[in-house]
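Data first, discussion second: the structure below is written as structure tokens.
The values are calculated or read from the model by the stated rules, or taken from the named source; none is laboratory data. This one's a predicted model, so the numbers in the text were calculated from it and none came from an experiment. All Cβ positions, even for glycine, are placed from backbone atoms using ideal geometry, and neighbour counts span all protein chains on display. Heads up: the accessible areas ignore ligands, DNA and RNA and are worked out on the full protein's heavy atoms, side chains in. Shrake-Rupley method; radii C 1.70, N 1.55, O 1.52, S 1.80 Å.
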Amino acid sequence: MTTASTIRSVRAFTVRGGGADYHDQGDDHWIDDHIATPMAKYPEYRQSRQSFGINVLGTLVVEVEADDGTTGFAVTTAGEPGAYIVERHLARFVEGAPVTAIERIWDQMYSASLFYGRKGLVLNVISAIDLALWDLLGKLRQEPVYALIGGAVRDEQVFYATGSRPDLARKMGFIGGKMPVRHGPAEGAEGLTATVERFAAMREEVGPDFWLMADCWMSLDLDYATRLGLALREHGLRWIEEALPPDDYWGYSELRKRLPPDVLVTTGEHEATRWGFRLLLEMGCCDLIQPDVNWCGGLTELLKISALADSRGVLVVPHGSSVYSYHFAITRHNSPFSEFLMMHPQASEVVPMFSPLLLDEPVPVNGRLRVPDTPGFGVRLNPECVLARPYEH
Ligand SMILES: C[C@H](O)[C@H](O)CC(=O)C(=O)O
Ligand SMILES: [Mg+2]
């Protein structure tokens, strides 16, 4: 009986090279090739996002073990500082608790870390613990996580692809392609022209009906985002993503007012908790929210965020996050499609999003995916990925 089972231990490990910290890639990867960022105003940090530390954290792996020896795990972007937070602070709310006490554990972790958390790293850590608990509960009950949260509302999930090659993504059966914007305000009119020309050329390649989106990764200002959105609209821009820094709710609200309704304004991957998304929704910041379930507070919090959005008729299209978002999205009527991040260096092949860390990680075939019925999230840690445990308690 799972209600009698308790959690015997929680352990935190770190690993480098891909995995949940998907920006932690080798050289010559599209994801680190002159992409606009808030740091691009400093020329020395313009060519590579790794130069300013986008991959500084690495992956955190959280493992939870029940008193019968069954283990669940999950991953996030948090690395060694995340391991410290698990082992030296949040473990006390997990160990000894019933395996079903997921809501109580979440509230204790969030409330106890409010004085230094609220968003960012700490919420990434809470997300990983929360997801590990859902994985454990699924394994104990021999159910896939999606069955624990209400079951599928559709047979399969369809995907758009994020990467440098939407033309290849279209041929692979994806419903759209999202390209990184490479130039921000610091690169002036020339940069904006280069973005528009690249987008126009891609529109020629993919034809008039394939969705094309622009991902700005927090790098623009309101004036530039307005001009870029209007210019790309001429080439069928479906949405402009994360144009501004995540705390600029006022800027997003104004951008939404400035752009025509056929250009969607989207954001949310660096937002966290129901309160952060309530602000985005109530201030009219965007048409579609993109929480990352490994960063926003985990599945327990994403269910709350999704209900908020649903009450306002807003779609929830989780950012990346592999199986952790697939088990969520397949159960939500307001998550009709998902993102697939092309992690192949040239975005020319479909490889698992958190490669090489997870075994049995499903990938879309012809742009669609049926979520496996394997218990939990249905993935295993790759034993060839060497984990370190920097802290113990
Ligand atoms: C492509 C973006 O710059 C970033 O690396 C990923 C992202 O924001 C997304 O997948 O959305
Ligand atoms: Mg994005």
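For the range 123-145, give me each residue that is under 15 Å from Gly82 (Cα atoms) and open to solvent by 10 Å² or more (accessible area, probe 1.4 Å).
Taking the range 123-145 and keeping what is under 15 Å from Gly82 (Cα atoms), we get 123-132.
Once the filter is applied, which keeps residues that are under 15 Å from Gly82 (Cα atoms) and open to solvent by 10 Å² or more (accessible area, probe 1.4 Å), the range 123-145 yields only Asn124.
Only one of these is part of a strand (DSSP E or B) and over 23 Å from Trp134 (Cα atoms): Trp250, Trp239. Name it.
Residue meeting the stated conditions: Trp239.
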For the range 235-253, what are the residues that are under 19 Å from Leu192 (Cβ atoms), more than 16 Å from ligand 1 (Cβ to nearest atom) and out of contact with any Phe, Trp or Tyr (no Cβ under 9 Å at 6 or more places or on another chain)? Gly251
Within the range 80-100, tally of residues that are open to solvent by 30 Å² or more (accessible area, probe 1.4 Å) and outside any helix (DSSP H, G or I): 4
For Glu190, only one of the following conditions fails: (1) among the acidic types (Asp, Glu); (2) away from ligand 1 (no atom under 16 Å from the Cβ); (3) closer than 25 Å to Val317 by Cβ. What is its number? (3)
Failed condition for Gly188, given (1) out of contact with any helix residue (DSSP H, G or I) (no Cβ under 6 Å at 6 or more places or on another chain); (2) touching a residue at least 40 places away in the same chain (Cβ under 8 Å), with all others met? (2)
Under 8 Å by Cβ, and 6 or more places apart or on different chains, what pairs join a residue from the range 152-175 that is free of Cβ contacts under 8 Å to residues at least 60 places away in the same chain and open to solvent by 10 Å² or more (accessible area, probe 1.4 Å) with one that is more than 16 Å from ligand 2 (Cβ to nearest atom) and among the hydrophobic types (A, V, I, L, M, F, W, C)? Asp167/Met202; Asp167/Val206; Arg170/Val206; Arg170/Phe210
Take the residues in the range 218-244 that are away from ligand 2 (no atom under 13 Å from the Cβ) and among the hydroxyl-bearing types (Ser, Thr, Tyr); name whichever of them is surrounded by the most Cβ atoms within 10 Å (Cβ to Cβ). Tyr224
When (1) in contact with a Lys or Arg (Cβ under 6 Å, 6 or more places away or on another chain); (2) more than 30 Å from Gly17 (Cβ to Cβ); (3) among the small types (Gly, Ala, Ser) are applied to Ala272, the one that fails is (2)
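Does at least one position in the range 39-59 carry a residue that is acidic (Asp, Glu) and touching a residue at least 12 places away in the same chain (Cβ under 8 Å)?
No, the range 39-59 has no match at all.
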In the range 277-304, what count of residues is obtained for those that are in contact with a strand residue (DSSP E or B) (Cβ under 7 Å, 6 or more places away or on another chain) and assigned to a helix (DSSP H, G or I)? 2
Filter result for the condition that a residue is in a helix (DSSP H, G or I) and either open to solvent by 20 Å² or more (accessible area, probe 1.4 Å) or within 14 Å of ligand 1 (Cβ to nearest atom) (or both), over Ala214, Ala200: Ala200
Matching option when the condition is under 17 Å from Val363 (Cβ atoms) and buried (at least 23 other Cβ atoms within 10 Å of the Cβ), among Pro345, Pro318, Pro291: Pro318
Would the range 35-57 turn up any residue that is over 28 Å from Pro383 (Cα atoms), open to solvent by 60 Å² or more (accessible area, probe 1.4 Å), polar (S, T, N, Q) and outside any loop (DSSP other than H, G, I, E, B)? no
Being in contact with a strand residue (DSSP E or B) (Cβ under 9 Å, 6 or more places away or on another chain) and surrounded by fewer than 18 Cβ atoms within 10 Å (Cβ to Cβ) is the filter here; which residues of the range 348-367 pass it? Leu359, Asp360, Val363
Evaluation of Cys296 against (1) within 16 Å of ligand 1 (Cβ to nearest atom); (2) within 14 Å of Ser335 (Cβ to Cβ); (3) free of Cβ contacts under 8 Å to residues at least 60 places away in the same chain; (4) not hydroxyl-bearing (Ser, Thr, Tyr) (one fails), failing number: (3)
Out of (1) in a helix (DSSP H, G or I); (2) more than 21 Å from Glu392 (Cβ to Cβ); (3) without any contact (Cβ under 8 Å) to a residue 24 or more places away in the chain, what's the single condition that is false for Glu103? (3)
If Asp262 passes every condition in (1) more than 16 Å from ligand 1 (Cβ to nearest atom); (2) open to solvent by less than 50 Å² (accessible area, probe 1.4 Å) but one, which one does it miss? (2)
Could you tell me how many of the residues in the range 193-225 are under 24 Å from Val317 (Cβ atoms) and charged (D, E, K, R)? 5
Given the structure, is His23 away from ligand 2 (no atom under 16 Å from the Cβ) and within 23 Å of the chain's Cα centre (by Cα)? no
